[in-house]
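The values are calculated or read from the model by the stated rules, or taken from the named source; none is laboratory data. The model shown is predicted, which means the values in this text are computed figures rather than measured ones. In this analysis, Cβ positions are derived from the backbone assuming ideal geometry, glycine residues included, and neighbour counts consider all displayed protein chains.
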Amino acid sequence: MSAPATSNPKNRFLSTEVEWADDAPPPPADLEFIEDHTRNILSTNDSPDIGFTWSVNPYRGCFHGCTYCYARPTHEYLGLGAGTDFERKIVVKPKAGELLREAFEKPSWKGELLVFSGVTDCYQPAEAQWKLTRACLSVCAEYRNPVGIITKGPLIERDLDLLLALHERASVQMSVSIPLWDREHSHAVEPYCATPQRRMETVRRLAAAGLRVGVNVAPLIPGLGDEDIVRVLEAAKDAGAESVGSIFLRLPGAVAQVFEQRLVQLLPLRAEGILHKIRDARGGKLNDPRFGNRQRGEGPHAQAAMMLFKQTAKRLGLRMHMFATDPVKQTFTRPERRGAQMKLF
């Protein structure tokens with residue numbers, strides 16, 4: 001199966017754009033890193049649909065290139081596109097570790113759960129070069145701050161030493177996203193991710209080390225991922241996962257265009273049926289932005305898929321999880337600095 005074509009939906013915030021003639025295909029997009037030197041590292045979330053408040057995003061944009069990624073429109077705020085730009089123009093925060101240390105030293109920080117990441121994958125391939133996630137986790141271990149991690153990247157195995165330190169000193173919860181089990185389907189909609197089977201091996205290795213790890217069947221893609229639910233959950237149980245979760249597919253803004261275009265290109269025989277089931281679950285549209293509804297679908301297809309998910313999880317003894325439902329130990333401690341002036345109060 002060929003890789004997805006270079007494409008970039010029109011940025012809704014820009015008044016100009018470049019169009020290529022029909023007989024002149026756009027050039028291949030090269031990987032580019034853009035350094036972000038803003039001083040803020042903590043992101044807050046007030047959405048009632050998301051189970052955590054604080055997150056760290058060392059990167060914006062993601063080389064994994066998942067066609068369904070809800071974070072694609074965030075690149076538009078940078079004057080970039082939600083398509084190929086999102087996958088090849090990766091914004092990095094080179095001082096992420098230093099900025100997190102500064103944030104932890106502020107009296108306002110109370111040691112709450114910190115999730116990596118709310119926007120893009122903290123263990124995407126760029127992490128092998130930049131090591132920003134590792135730098136941040138090192139700070140979290142030093143300050144004994146509880147951590148949650150959501151990833152598709154086997155690169156997380158590199159940081160087993162820090163994960164074990166966090167497990168001993170504070171708490172660390174990990175969720176590996178595996179929405180599909182069929183390798184051909186996964187390559188079509190997650191073109192530059194590790195295979196589902198390799199990701200499940202990561203679950204196995206983390207669990208074997210004594211760490212708490214779950215599997216996220218997210219997003220649940222009707223007409224594609226729902227047929228893999230049982231196989232993914234059975235493999236998760238066998239690998240040692242203790243919990244599972246699922247979020248229904250949502251396609252905000254330009255994401256719908258990217259998803260539909262590449263679905264038609266790479267899975268042409270299934271595209272119409274998949275899009276029909278998505279619309280059936282979204283009131284005739286490809287997306288439902290309403291809080292309370294956007295994370296779950298409606299209608300018979302969505303209900304049947306979620307019923308199968310819950311029944312299979314129950315049969316296998318897998319706990320349904322979200323970060324917010326797990327008790328988080330209050331372990332945060334600012335390390336004492338030798339030679340530092342003592343505080344009066």
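Here Tyr77 meets the list (1) surrounded by fewer than 21 Cβ atoms within 10 Å (Cβ to Cβ); (2) within 23 Å of Val217 (Cβ to Cβ); (3) hydroxyl-bearing (Ser, Thr, Tyr) almost entirely, failing just condition (2). Scan the range 87-104 and tell me whether some residue there is in a helix (DSSP H, G or I), surrounded by fewer than 18 Cβ atoms within 10 Å (Cβ to Cβ) and acidic (Asp, Glu). Yes, the conditions are met somewhere in the range 87-104.
Residues in the range 41-72 that are within 19 Å of Leu286 (Cβ to Cβ) and surrounded by fewer than 18 Cβ atoms within 10 Å (Cβ to Cβ): Asp49 only. For the residues Leu14, Leu31, the requirement of being more than 21 Å from the chain's Cα centre (by Cα), modelled with pLDDT under 95 and surrounded by 11 or more Cβ atoms within 10 Å (Cβ to Cβ) singles out Leu14. Go through (1) modelled with pLDDT of 95 or more; (2) more than 30 Å from Ala271 (Cα to Cα) and name the single condition Asp85 misses. Every listed condition holds for Asp85 apart from (2).
Checked against the criterion of being in contact with a Lys or Arg (Cβ under 6 Å, 6 or more places away or on another chain) and either free of Cβ contacts under 8 Å to residues at least 12 places away in the same chain or buried (at least 24 other Cβ atoms within 10 Å of the Cβ) (or both), the candidates Val176, Val189, Val139 yield just one match: Val176. Residues in the range 287-335 that are modelled with pLDDT under 85 and exposed (fewer than 15 other Cβ atoms within 10 Å of the Cβ) were compared, and the one that is nearest to Arg169 (Cα to Cα) is Lys329.
Taking the range 105-123 as the range and being part of a loop (DSSP other than H, G, I, E, B) and within 21 Å of Glu190 (Cα to Cα) as the test, the residues that pass are Ser117, Gly118, Val119, Thr120, Asp121, Cys122, Tyr123.
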